[in-house]
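Read through the structure below, which is laid out as structure tokens, and then see the notes.
Readers should treat all values here as calculations from the given coordinates under stated rules, not as data from a laboratory. These numbers come from a predicted model, not from an experiment. When we count neighbours, we look across all protein chains shown, and the Cβ atoms used for this are built from the backbone with ideal geometry, even at glycine.
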Amino acid sequence: MNFCTESLQKEIEATLIIYLCRFFCPVCLVFAAFFTIEFYPPLLSVALLGIITLGPGCSRTLVERFLGPLKIFTLAAYGCLLSAIAYFSGGTQSPAIPWVVIAIAVSPFLLSKQQTILHFSVHLVAQVTIEIVKPRELDPFFQGATILPTVHTLSVATCIAFAFALFYRFSQFVLQQTQQNRQLSSIQQNLLKVFDQAEDFIGMSDSHGRIIYHNRAFNKLVGVSQEDAQDMIIPQFHPQWASDLVVSEGIPEAIKNGSWTGETAIYNKDKNEVPVLQTIIAHVNHHGYPEYVSTIMKDITALKAREQDMERAKRFAEQAMVAKSQFLANMSHEIRTPMNGLLGNIELLSDMNLPEEASQRIKTIESSGQHLMRVLDDILDVSKIETGNLNLERISFNLPYLMNDVVSMFLDKAFQKNIDLNVTIAEQTPEWVYGDPTRLRQVLLNLISNSIKFTNEGGVSVTLSPGSSADYLDFVVEDTGAGIPIDQQENVFKSFHQGDNSTTRKFGGTGLGLAIAYKLVQAQGGVFALESQVGVGTRFSFTCHLPKSSAPEVASSKESSQLLADRKPLQILVAEDNEINTDLVRRYLDRLGYRADFASNGDVALKMCQQKNYDIVFMDCHMPIMDGFEATRKILALGNSPAPTIVALTASVMKEEQELAASCGMSGFLGKPLSKKRLQEFLIKFENYDQPKPSQAS
């Protein structure tokens, strides 16, 4: 029963569509096309194919030839209706065939819109018809036209309802489109107002570059009116280089990726180039061809001016840094040269048997001279760090020995202040490590010196232990001193800065010690930390990358004695123009058991090397007539066999000086002031065939 009812309902609904097309064919064709375009454009071709078959002479064969391959008679929602078509239309040879074809082509599309008035009307009339013919549904319906009059009568009313429904739908569509167009027009006008208020140039051109739209900023910038610009192309306003950049890079990139941004330029009304940051947006069609191009240009004149100012400021700062470094280098040379003679002769006097009072005076002079040299070294170290000229060694050294040696230097001072000074080295700490012992010693000296200076009660403790990361060691210097206020802690690591002015007046110093320690730790890949509380004390801690190394091989005492016994006297030449320094080196060598020849400048040294083969040449770098660099090159060019080892002996200790010395062929570097101990260590290394390399500057 249900199956018959559903089939009957579908037959009646299809029949109503047939009559709709049959009695109102002109209106139906228009609205069928409208619905076809709106909901499913591919069916438009089917509807047009049905129109081609219009006419009373159309045969079933012709219809099937055109529409059969498209399976136009098979409806997804209603199944095959050939029986109903044949039953209600009078056969496939009647003039109704074309309208039936169009109806069948359009009906799935009308009936698929289940929420529309049209479908509601069809469904309602179909239900009423079913109620009317319900008593006959068991009769041989498919063998006789028993319900045609009823359906025909009802379909007329339904067609009228359909017409109104379609008109209503069409009017709603038109109204909706009108509202959307008004809304789009309003949005467009508002956007144009926004564009006109923008300070950046906004414009659009066609594929040939002709200007379609531009805002007021463009008129203001280039001095062209709105009307005149319409006949111009955007490349006219670009310098040639900018136009080439846009054509070769900008537009292709915009077509490929949607947009492109780069720095170009545009001519202003005075025909001067104005730098702009230009963005290009390509509007391509479905073929990938750009129909329109939008562009936004931002004037970056002020930005470029700021960049130029920053570049000039950077150059001035670099020049000032170079000038400062050069000044410090010159001052260092001029101070170190007389200090070499002063401290050297003080050292010689200390070895003499002098009265107690004279010996005490000598020690005071030596202490003052050493303090002056430390201040000079601190200033030079800051300059080296700031200019990136700090050289770090990577050699193997005994770490516990270094720690104990540094702490021992402050035992007398701690004893004088009646405070404790302790050092603790954890058992797991490696004995031999790779690193820069000189710079590590400098960090520890500065920290311990600072702690003792500000501690009057309690003491200072120095701790060394393995770090949390491999090859890293933790150093801690902790005191029970005055402490550092929180608001001053961030400044203690700044150059030439102390807690306050009273600190400098009371304790002295340059304010460079902690700054240098902090920067040296950073240079060695470490981390520095400060914890302090006023009245409690201060804790300095830092980590340092010091990989474990093996202990160097040491010759037995027998081998060493044999080596010293078998050695031949070294042939030494000293090239030095300063008489005081010449006399000092001569006395040092005499006391160490060596003999040397002396030259007053590089030219004399060259002539002496032509006459004699020397093992070592100590070469002052700055001398009259011929400096040490030129003399070194010419001496090595003599081809003496074996060639002498030339060692720089100079008061210039900057990195550039060492690099220049190495490039000329010098194999070592000894800075002034020169002490007897350093000279002795150098000669022992040389005699043990461990000749110094350029990196072994001392």
Any aspartates and glutamates with Cα under 15 Å of the LYS494 Cα? List them, leaving off those in the same chain fewer than 8 positions away.
ASP378, ASP381, GLU386
Label-point separation (nm) for GLN179 and THR364, each offset 7 Å from Cα along Cα-to-Cβ?
10.5 nm
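Return the FRET efficiency for the residue pair GLU681, GLU307: r is the Cβ-Cβ distance, R0 is 45 Å, and the value is rounded to the nearest 0.05.
On the way: r = 53 Å, r/R0 = 1.17.
Given R0 = 45 Å and the Cβ-Cβ separation, E is 0.30.
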Taking the Cβ of VAL194 as the center, what net charge do the other residues with Cβ under 14 Å away carry, scoring Lys and Arg +1 and Asp and Glu -1?
-1
Table column - 3J(HN,Hα) (Hz), region 337-350, Karplus curve with 6.51, -1.76, 1.60, x for Gly and Pro
4, x, 5, 4, x, 5, 5, x, 6, 5, 5, 5, 5, 5
If amide H atoms are built 1.01 Å from N in the plane of the peptide, which residues on other chains or at least 5 residues away come under 5 Å of the amide H of ASP474?
SER465, GLY467
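Could the peptides 307-320, 346-359 be put in order, highest first, of the mean number of other beta-carbon atoms found within 10 Å of their residues?
Values: 307-320: 10.1, 346-359: 12.1.
Going by the mean number of other Cβ atoms within 10 Å, highest first, we get 346-359, 307-320.
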Would you grab the residues whose amide H sits under 5 Å from the one on PHE669? Only those 5+ places off in sequence or on another chain, please, with H modelled 1.01 Å from N.
ALA648, SER698
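Which entries of LYS256/LYS304; LYS453/LYS548; LYS519/LYS685; LYS269/LYS304; LYS220/LYS304 have Cα-Cα distances beyond 27 Å here?
LYS256/LYS304; LYS453/LYS548; LYS519/LYS685
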With θ taken as phi - 60° and the coefficients 6.51, -1.76 and 1.60, list the Karplus ³J(HN,Hα) couplings across region 370-382 in order, rounded to whole Hz; mark glycine and proline as x.
5, 5, 4, 5, 5, 4, 4, 5, 4, 4, 5, 5, 4
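Write out the trypsin sites (Lys or Arg not before Pro) in region 217-274 meeting two conditions: DSSP loop, and at most 13 other Cβ atoms within 10 Å of their Cβ.
Numbers: sites: LYS220, LYS256, LYS269, LYS271; in loops: LYS269, LYS271.
Filter output for region 217-274: LYS269, LYS271.
Rounded if a/c is under 1.5, else prolate if a/b beats b/c, else oblate: with a ≥ b ≥ c from the C-alpha gyration tensor eigenvalues square-rooted, which is region 557-687? Walk me through the intermediate numbers first.
Details: a/c = 1.59, a/b = 1.37, b/c = 1.16.
It is prolate, given that a/c is not under 1.5 and a/b is the larger ratio.
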